[in-house]
Amino acid sequence: LCVPAVPVLFKQALENTDVEEGKSVSLCCELTKADATVVWKKGGATLQASAKYEMKQKGTVAELVIHNAEPEDA
């Protein structure tokens, strides 16, 4: 018996968020499958965890925290 893989979908997509320059902002999305691999990108570049970008994931919720936000982070 072959069971096709169920794709991971967004239950709740990202929303536009305004933040003051220099502050931190949190972007969250909810997935249909717990602990699915999430890759955060800006344009075509994959973001890596650093002092600027913090990635968190718990169950079906994935979060990207951008510290010291700048206009270039739009």
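Laid out as a table, the results:
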quantity: So GLU21, is it modelled with pLDDT of 90 or more and open to solvent by 80 Å² or more (accessible area, probe 1.4 Å); calculated: yes
quantity: Residue satisfying condition, being part of a strand (DSSP E or B) and without any contact (Cβ under 8 Å) to a residue 24 or more places away in the chain, within set GLU30, GLU54; calculated: GLU54
quantity: Output for the stretch 31-57, where each listed residue is at negative phi, open to solvent by 50 Å² or more (accessible area, probe 1.4 Å) and in contact with a strand residue (DSSP E or B) (Cβ under 8 Å, 6 or more places away or on another chain); calculated: THR32, VAL39, ALA49, GLU54, MET55, LYS56, GLN57
quantity: Answer residue from the stretch 57-71, given it is over 28 Å from ALA5 (Cα atoms) and part of a loop (DSSP other than H, G, I, E, B) and is nearest to the chain's Cα centre (by Cα) among those; calculated: HIS67
quantity: Scope the stretch 1-18; condition under 14 Å from the mean Cα position of the chain (by Cα) and open to solvent by 70 Å² or more (accessible area, probe 1.4 Å); matching residues; calculated: LEU9, PHE10, LYS11, GLN12, LEU14, GLU15, ASN16, THR17
quantity: Filter result (farther than 18 Å from ASN16 by Cα and either open to solvent by 80 Å² or more (accessible area, probe 1.4 Å) or acidic (Asp, Glu) (or both)) within the stretch 58-71; calculated: LYS58
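The values are calculated or read from the model by the stated rules, or taken from the named source; none is laboratory data. On a predicted model such as this, the values are computed, not experimentally measured, just so you know. For neighbour counting, all protein chains shown are included, and Cβ atoms are generated from backbone atoms with ideal geometry for every residue, glycine included. Remember, those area values only see protein heavy atoms, side chains included, never the ligands or the DNA or RNA. Shrake-Rupley method; radii C 1.70, N 1.55, O 1.52, S 1.80 Å.
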